[in-house]
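Asks: Before I ask anything, here is the structure I am working with.
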Amino acid sequence: MKKYFLVLIAMFAIASTLAHAQIVKKEGSFRCGGWNDDFRQLRDLQWNMEELDLSLADCDSIRQNALHSRHRLKKIIFPDKLRIIGSQAIFACDSIESLTLPASIERIESRAFGNCTGLKSITVLSPTPPVLAEDAFSGVDINKINLLVPRGSKKAYKNAPVWNRFFKKPEIKEEQCPTEYAIIPVPNNIAYSHTCMLSTKDLGKIIAPASLSNEQEHLKKVLLERLGIKTFNKSKRPITLAIDSNIGSKEAYRLTVSEEGISIIGSDAIGVFYGIMTLDQMLIPEQDNGILSHLRGVTIEDSPRTKMRELMIDPCRIFIPFEDLKGMITEMARYKMNAMHLHLTDDQAWRIEIKKFPKLTELGSFRVGMDDMQMPIGGFYTQEQMKELVDFAAKYHVEIIPEIEMPGHQVAAIHCYPELTCGAVKLPIRTTCGVSDNLLCPSSEFTYEFLETVFSELSTVFTSKYVHLGGDEAGNPPLECWSGCESCQALLKDIMSAPDTKPQPGSRNDNWRLQKYMFDRVIDFLHKKLDKTPMFWYETDFHEIQPGCVVFAWRHGLTATAIDAAIRCNANIMLCPGEHCYLDYPAAPGDMPEVNWGMPVTSLKQTYKLDPAWGYGKDFEDNNLFGVAGTLWSECINSTERLYYMAFPRALALSEAGWSQQKNRDYQNFLKRLERISRDMHRRGICTANPQ
Ligand code: ACM
Ligand code: ZN
């Protein structure tokens, strides 16, 4: 949903004066807060800044997210009169080794220095310990940091809440089990037993068939991380894993905790895995240093409402390193999300190795600049890496769905192979967001040779049954590129002369028939030659959906139109409406990305409100509804931590929309469950936005 981007010339001017500086000193007036303030400029435009001296800047707070995830930043000198360091202000600035906080400092907020894993020493010049949020250093081992405080104030710091942790490791505290377990997505049915309690010390034996060896490994990891269990002893109370197809539909499980032990029975291995993910959440303690001493007896019966719960990741606009994708997969699996959709090609880059067309990655995977962020952006995934990712994800029961766009969003490929577009025009790779009018040429045989080769090579890498063909935003106005192409118009004439051709009311022109021709050919190839199920973003000028495809409802305000088309064409549909599922949009007014193209705020509550049935009845739910998807378009997401920040916690709201029955869903209750779970995410170093 890319509207035209309103980048002010002034911003470019500022960007270009700052672009090559590595040491930045700001003095005097300083804009802190508001659209595109000085922190946004420093954080997003000064991509290569290594030292920042704000000592003489007229600024008394480092605002929320001010310098979020600037990995190159090695040194920061705070303003002399600094009072407040806001939430996640210095998050993941992991090249910083030492910090000095001025005497004026009063407050340090949640995760202000989260994931600053390079920190070795902190000097605080204030004799009175500033208020320090409990999780100000989440994801960091503070016992490895040397804390220096003014002479005579050590005792005050030793006695101050949170600061005291710098002086001694907190002891592990035993916690009673919670009265209710906090589980996201909320299960179908939870029946607590009042009397039965299982001591976690008695756990440590696993009974499972060989076919569940993968699940058994996951269970062992959970028991080690949550309860410190390393050895497995026959005399202990067992955790039993088993498959029983009578339990319910695909992915269903039943988890029982009793005095005798724990049993997790799945309708299949995926169900068992999800039971283990639920158990993992049940074992989350209240405090970072807590450990549950007992588990309340419970029977949980659970199964998914929809087949697919996916996140779409866009490494084209800003590249996401291969290893970072793995972290996203493990996090998604915790919340029973089962598909990662990789948007591998776009106007700004081609990101997947294709052996027959090497120029795609040689020429198409590097550029400088994404709108006003003038940094070098390069990288691609080799086929070997993607095979590794597919295998890794399979262990978490997540499938990887590749997307290759057609006919639009293909400028990077056209840059490498101009003959892909009408008139073989030479195009530079796009460095701004928005919609390109240049499309693949549907009347050129090279287009089909290219697409078939690409999809054939990908089919040896990605084992998923699904492959996404894009289909969105093919020019503005759509499909106009083909009106000026002689061979396209000749092809259209042939198509129009077919005896059963009927006029299409409401169409601007007949170019949609060329799009249909192209999609028909490629879909036929995918079905017949590669045995794949095509997916695409629904646009109204598709008019009809080919049988055996899955469409995505994504355009704000057009969900009902897409659903009507899916019902009419007996197609499956993913619900990804812009109103709820565009997780790249800011989650609160003024939140990241502060500079965007007019994205509407999509709060956690707004995401939570998605009902995937969209007010349609049971027939739609049973016959057409396929799943839910959240998008993470990355034009304005310039680090992996920011990708996580945009994804979480809204992806948890989305997972609950996709998994849980509507009657069990309640936003206030979700927020309550989220408290314990997000504290655990922060402890593990996962970046999340603050729920608003
Ligand atoms: C899209 O947001 N262009 C599918
Ligand atoms: Zn053409």
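The values are calculated or read from the model by the stated rules, or taken from the named source; none is laboratory data. Nothing here was measured: the structure is a model prediction, and the numbers come from that model. Every residue, glycine as well, gets a Cβ built from its backbone with ideal geometry; the counts of neighbours run over all protein chains shown. In case anyone asks, the SASA skips ligands and DNA or RNA and just uses the protein heavy atoms, side chains included. Shrake-Rupley method; radii C 1.70, N 1.55, O 1.52, S 1.80 Å.
Asks: Could you compute the net charge surrounding I637? Neighbours are other residues with a C-beta less than 10 Å from the C-beta of I637; K and R count +1, D and E count -1.
Replies: My count for the surroundings of I637 gives -2.
Asks: With a 1.4 Å probe and all protein chains left in place, how much accessible area per residue does the chain have, in Å²?
Replies: Working: 26750 Å² over 692 residues.
Dividing the accessible area of the chain by its residue count gives 39 Å².
Asks: With a cut-off of at most 16 other beta carbons within 10 Å, and DSSP calling the residue loop, which trypsin sites (Lys or Arg not before Pro) in segment 462-542 qualify? Please list them.
Replies: Answer in residue order: K465, R508, K529.
Asks: Now for a different question. Name the residues whose placed amide hydrogens come within less than 5 Å of the amide hydrogen of V131, ignoring near sequence neighbours (fewer than 5 apart) on the same chain.
Replies: The answer is R107, I108.
Asks: With just the Cα atoms defining each centre, how far is segment 266-324 from segment 111-175? Give it in Å.
Replies: 31
Asks: Just want to confirm a number: the relative contact order over the chain, from Cα pairs under 8 angstrom separated by 6+ residues, in percent.
Replies: On the way: 1545 pairs, mean separation 80.4, N = 692.
The value is 12 percent.
Asks: Within 10 Å of each candidate Cβ there may be at most 16 other Cβ atoms; applying that plus a DSSP loop requirement, which GluC sites (Glu not before Pro) in segment 78-146 survive? Before the final figure, lay out the partial values.
Replies: Details: sites: E97, E106, E109, E134; in loops: E97, E106, E109, E134.
In loop regions of segment 78-146 (DSSP not H, G, I, E or B), the sparsely surrounded GluC sites (Glu not before Pro) are E97, E106, E134.
Asks: Find the relative contact order for segment 551-652 and round it to a whole percent, using C-alpha pairs within less than 8 Å whose residues are 6+ positions apart.
Replies: 32
Asks: How far is it, in nm, from the label point at E675 to the one at L148 when both lie 7 Å from their Cα along the line to the Cβ?
Replies: The answer from the label model is 4.0 nm.
Asks: Counting only helical runs of four or more DSSP H residues, what would the 222 nm mean residue ellipticity of the chain come to if each run contributes -39,500 (n - 2.57) and the total is spread over all its residues?
Replies: Working: 18 runs with 187 residues, N = 692.
Here the helix-only value at 222 nm equals -8000 deg cm²/dmol.
Asks: What is the distance, in nm, between label points placed 7 Å from the Cα along the Cα-to-Cβ direction at K173 and at T100?
Replies: It works out to 3.6 nm between the two label points.
Asks: Quick check: at a probe of 1.4 Å, how many percent of the accessible area of segment 395-513 sits on carbon and sulfur atoms? Each step should come with its number before you reach the end.
Replies: Details: 2550 of 4710 Å².
Solvent-exposed carbon and sulfur of segment 395-513 make up 54 percent of the total.
Asks: With the crude spin-label approximation of a point 7 Å out along Cα→Cβ, what separation in nm comes out for K205 versus N509?
Replies: The answer from the label model is 7.6 nm.
Asks: Each residue of segment 318-329 in turn: what ³J(HN,Hα) in whole Hz from Karplus with 6.51, -1.76, 1.60 and θ = phi - 60°, glycine and Pro shown as x?
Replies: Values, residue by residue: 10, 5, 10, x, 3, 4, 5, 5, 5, x, 5, 4 Hz.
Asks: Could you derive backbone 3J(HN,Hα) for segment 203-215 from the dihedral phi with the Karplus parameters 6.51, -1.76 and 1.60 (θ = phi - 60°), listing whole Hz in sequence and x where the residue is Gly or Pro?
Replies: Along segment 203-215, the couplings run 7, x, 9, 10, 10, 7, x, 4, 5, 10, 5, 4, 5 Hz.
Asks: Still on this structure: Along the charge dipole of segment 600-692, pointing to its positive end and built from +1/-1 on Cβ of Lys, Arg, Asp and Glu, which listed residue (G685, Y608, M646) has its Cα farthest out?
Replies: Toward the positive end, the furthest listed residue is G685.
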